[in-house]
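Trainee: Before anything else, here's the structure in question.
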Amino acid sequence: MIGIFDSGLGGLTVLRALVTRFPQSEFVYLGDHANVPYGNRPSDEVVELTRRAAEALFKRGAKLDLLGCNTATAVAARRLQQTWLPYAGWAGHNVLGIVAPTVEAATQTPWAVTTPQYPQKYITDILAVFGTTRTVTSGVYPEEIRKRCPRMRVYQQVAANLAGAIEDEASEEELDALVKDAVAGLRIQTHGQEPHRVILGCTHFPLVEHLFQKHLAPSVRILSQPDVVADSLEHYLERHPHFGDCEVAGRLRLLTTGDADEISKRARVFWPDVPGFEPTET
Ligand code: DGL
């Protein structure tokens, strides 16, 4: 069984891609709606909330936890892998993040390769990363991309209130204004130059991808993080097939630390046949 975690609903954009790609696999999803959004919280708090969620998924039978959240990945993944997992009594379990596959796709370079290679080292694209405050201040995207593609110009833009607004079912006008502001902020940084490619570096943002498309030039290509994560998990499971073991093939359980009925209703707005959420604690 594979566990997917996000602060709220955003990780469902990843989960939906995974369920489509692996219809016979078994997934358990946890949305920490009692604490969403994470993006403006201090790093130590994000680490602790992520650790609790990762453990909650293990306790419910997941052997592999995928952090379907850029904020949790940027701030907590490495710390949990290095300083918690080896000492917490969860031998045979693992935690994976979603930044590595996204960097691999953006740079066309495997994560294990940390120096510029031919021909990627000649890529001079302008790449924009939209993310939460915590993801952007972590600097993980520009740092990891520049190691592999030093000539790529990487700009980061915070959209601090967008994930929270999506969770709160803000109106289309409000969401449109937040995306418009974020794109305007990016253009100030680039002095009006349009990026060639964009990473929506928050799993909530694909839910308003149409608004990013509206405010960016039609030529801009938006990288699909959910698809990239599905590709990456497929390769990971080829190498570690036991993490794909299931009790009930095709079973999908959704858990939330928030109001299960309310969260189910919100999820169905963009994923009409998603199963209902069950309440849980971490
Ligand atoms: N969906 C999350 C991300 O990818 C978190 C957003 C938030 O809780 O602020 O960053």
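The values are calculated or read from the model by the stated rules, or taken from the named source; none is laboratory data. Please read these numbers as outputs of a predicted model, since none were measured by experiment. Please note: Cβ atoms are built from the backbone with ideal geometry, for glycine as well, and neighbour counts cover all protein chains shown. All accessible areas refer to the heavy atoms of the entire protein, side chains included, with ligands and DNA or RNA removed. Shrake-Rupley method; radii C 1.70, N 1.55, O 1.52, S 1.80 Å.
Trainee: Looking at (1) farther than 23 Å from VAL103 by Cβ; (2) surrounded by fewer than 19 Cβ atoms within 10 Å (Cβ to Cβ); (3) within 15 Å of the ligand (Cβ to nearest atom), can you tell me which one LEU30 breaks?
Mentor: Only one criterion in (1) farther than 23 Å from VAL103 by Cβ; (2) surrounded by fewer than 19 Cβ atoms within 10 Å (Cβ to Cβ); (3) within 15 Å of the ligand (Cβ to nearest atom) is unmet by LEU30, namely (2).
Trainee: Can you list the strands (runs of 3 or more DSSP E) lying wholly within segment 66-176 that have 2 or more residues being more than 16 Å from the ligand (Cβ to nearest atom)? Can you show your working first?
Mentor: Details: elements: 94-96, 126-131, 153-158.
In segment 66-176, 126-131, 153-158 are the strands (runs of 3 or more DSSP E) which contain 2 or more residues that are more than 16 Å from the ligand (Cβ to nearest atom).
Trainee: Does segment 38-45 contain any residue that is surrounded by fewer than 24 Cβ atoms within 10 Å (Cβ to Cβ), touching a residue at least 40 places away in the same chain (Cβ under 8 Å) and out of contact with any helix residue (DSSP H, G or I) (no Cβ under 8 Å at 6 or more places or on another chain)?
Mentor: Taking segment 38-45 first, the residues surrounded by fewer than 24 Cβ atoms within 10 Å (Cβ to Cβ) are 40-45.
When the remaining residues are screened for being touching a residue at least 40 places away in the same chain (Cβ under 8 Å), the result is 40-41, 43.
Those still in the list that are out of contact with any helix residue (DSSP H, G or I) (no Cβ under 8 Å at 6 or more places or on another chain) too: none.
Looking through segment 38-45, none of the residues is surrounded by fewer than 24 Cβ atoms within 10 Å (Cβ to Cβ), touching a residue at least 40 places away in the same chain (Cβ under 8 Å) and out of contact with any helix residue (DSSP H, G or I) (no Cβ under 8 Å at 6 or more places or on another chain).
Trainee: Let me ask you something else. Do you know which of the residues in segment 126-139 that are buried (at least 24 other Cβ atoms within 10 Å of the Cβ) and not aromatic (Phe, Trp, Tyr) is farthest from ALA106 (Cα to Cα)? Before you say what the answer is, go through the steps one by one.
Mentor: The first filter runs over segment 126-139 and keeps only residues buried (at least 24 other Cβ atoms within 10 Å of the Cβ), leaving 128-132, 134-136.
Within this subset, residues satisfying the condition of being not aromatic (Phe, Trp, Tyr) are 128-129, 131-132, 134-136.
Values: ALA128: 11, VAL129: 11, GLY131: 15, THR132: 19, ARG134: 20, THR135: 17, VAL136: 17 Å.
Filtering first and then ranking leaves ARG134.
Trainee: Then there is this: Any residue that is under 27 Å from THR133 (Cα atoms), of a type in the set (Asp, Glu) and more than 15 Å from the chain's Cα centre (by Cα) - is there at least one of those in segment 55-76?
Mentor: yes
Trainee: Let me ask something else about it. Checking the condition surrounded by fewer than 16 Cβ atoms within 10 Å (Cβ to Cβ), within 30 Å of GLY250 (Cβ to Cβ) and either of a type outside the set (D, E, K, R) or in contact (Cβ under 8 Å) with a residue 24 or more places away in the chain (or both), which residue from GLN108, GLN82, GLN24 passes?
Mentor: Numbers: GLN108 fails: within 30 Å of GLY250 (Cβ to Cβ); GLN82 fails: within 30 Å of GLY250 (Cβ to Cβ).
None of the other options fit; the residue is GLN24.
Trainee: Pick from GLU172, GLU144: which is closer than 30 Å to HIS33 by Cβ, of a type in the set (Asp, Glu) and open to solvent by 30 Å² or more (accessible area, probe 1.4 Å)? Can you show your working first?
Mentor: Numbers: GLU144 fails: open to solvent by 30 Å² or more (accessible area, probe 1.4 Å).
Result of the check over GLU172, GLU144: GLU172.
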